[in-house]
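Notes to accompany the following structure.
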Amino acid sequence: MIRRSLASDVLLFTQHEHALLSGRLAERIDGRLIARPSPRTVEGISLHDCGWPLHDDHPTLNPHGQPLHVFETPVRLSTQVWTASAQRAAAKDRYAGLLVSLHVLNLSGLAAQSHQAAHETFEINKFQHQQIELQEQLRHALGLRIDRPLNRGLARPGTSPAEDALRFDYHLLRAMDQLSLALLCAEDLFASLEGIDSRPGGTPLSIRLQRLGPFRFRLNPWPFDDAILNFAVPGRRIPARTFHQTEDFRNTYENAPIDEFGVVAETSFELL
């Protein structure tokens, strides 16, 4: 769940809604700067947090009595929702499942760098082994080779057209995930989106981000099909206060009406 302060309130967006926004962004790529993604890729991007309802349907509090923000998630919960995301995506489409598994595997690598406790390291290692096994199964089903060296599930650039396509799709998922997070979160998370391939096997790109205000960013260069993109994202608004009981928070959250919050991405130059 994403927690964002606004005046005397707290806005809460589920991780699955954030992921759906990522997919809506991917659908609007126009094919000029970045190759247009396939429907299967868009589905994988849209499903990359589909395991998060395990938590967000019954949200919890952090140690300070605030709604748990995604960046505060403990390892045991992270590995549960990551596992569910990959499994649920794979049940809908094997290729989407492979993309989501790549995503959560790479997230676990970042988590391993920040969590040093022995039990957390064990949980992450166990999770990573499970994802590698899942990826081998999905690769086999998709006709992708499993006898080549991989780095966190990805082959080196130029290994084959199929592997380059997978790299392109994964990097696009990561970029749309980061852009959606930037739009919804209050934190300054990313100055730019890095490592996006222009096409499978193409040159990596960098897209600069400039915050213009709450829920509004300017991008340069611009990869989308219109000069301004407007999206409505469902979320809930609750009073900003300390909760002493999880059930009190859940009742407040569940009784809060679902509102729609507008997010905007716009270009910084005139389209030709």
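Would the range 247-268 turn up any residue that is among the basic types (Lys, Arg) and in a strand (DSSP E or B)? No, the range 247-268 has no match at all.
Among the residues of the range 83-97, those that are in contact with an Asp or Glu (Cβ under 9 Å, 6 or more places away or on another chain) and either open to solvent by less than 70 Å² (accessible area, probe 1.4 Å) or outside any helix (DSSP H, G or I) (or both) comprise 85, 89, 93, 95, 96.
Of the residues making up the range 228-238, none is closer than 30 Å to residue 35 by Cβ, out of contact with any helix residue (DSSP H, G or I) (no Cβ under 6 Å at 6 or more places or on another chain), crowded, with 17+ Cβ neighbours inside 10 Å and of a type outside the set (A, V, I, L, M, F, W, C). Can you find a residue in the range 72-82 that is in a helix (DSSP H, G or I), within 30 Å of residue 241 (Cα to Cα) and charged (D, E, K, R)? Yes, the range 72-82 contains a residue that is in a helix (DSSP H, G or I), within 30 Å of residue 241 (Cα to Cα) and charged (D, E, K, R).
Tell me yes or no: at least one residue of the range 23-30 is part of a helix (DSSP H, G or I), closer than 25 Å to residue 229 by Cβ and free of Cβ contacts under 8 Å to residues at least 12 places away in the same chain. Looking for residues that are part of a helix (DSSP H, G or I), closer than 25 Å to residue 229 by Cβ and free of Cβ contacts under 8 Å to residues at least 12 places away in the same chain, one finds none in the range 23-30, hence no.
Do you know which residues across the range 120-130 are open to solvent by 90 Å² or more (accessible area, probe 1.4 Å) and under 20 Å from the mean Cα position of the chain (by Cα)? Of everything in the range 120-130, nothing turns out to be open to solvent by 90 Å² or more (accessible area, probe 1.4 Å) and under 20 Å from the mean Cα position of the chain (by Cα).
Going through (1) β-branched (Val, Ile, Thr); (2) under 25 Å from residue 37 (Cα atoms); (3) without any contact (Cβ under 8 Å) to a residue 24 or more places away in the chain; (4) assigned to a helix (DSSP H, G or I) one by one, residue 121 falls short only on (2). You will find that of 43, 72, the residue that is out of contact with any helix residue (DSSP H, G or I) (no Cβ under 8 Å at 6 or more places or on another chain), free of Cβ contacts under 8 Å to residues at least 60 places away in the same chain and either over 30 Å from residue 239 (Cβ atoms) or surrounded by fewer than 18 Cβ atoms within 10 Å (Cβ to Cβ) (or both) is 72 and no other.
Quick check on my filter: what residues within the range 214-231 are part of a strand (DSSP E or B) and among the charged types (D, E, K, R)? 216, 218 - these are the residues of the range 214-231 that are part of a strand (DSSP E or B) and among the charged types (D, E, K, R).
The single condition among (1) at pLDDT 95 or above; (2) more than 20 Å from residue 55 (Cβ to Cβ) that residue 237 does not meet is (2). Residue count for the range 131-143 satisfying the condition of being touching a residue at least 40 places away in the same chain (Cβ under 8 Å) and buried (at least 18 other Cβ atoms within 10 Å of the Cβ): 4.
The values are calculated or read from the model by the stated rules, or taken from the named source; none is laboratory data. All figures in this text were calculated on a predicted structure; none of them were measured in a lab. Note: ideal-geometry Cβ built from the backbone for every residue, glycine included; neighbour counts use all protein chains shown. Surface areas here come from the heavy atoms of the whole protein model, side chains and all, with no ligands, DNA or RNA. Shrake-Rupley method; radii C 1.70, N 1.55, O 1.52, S 1.80 Å.
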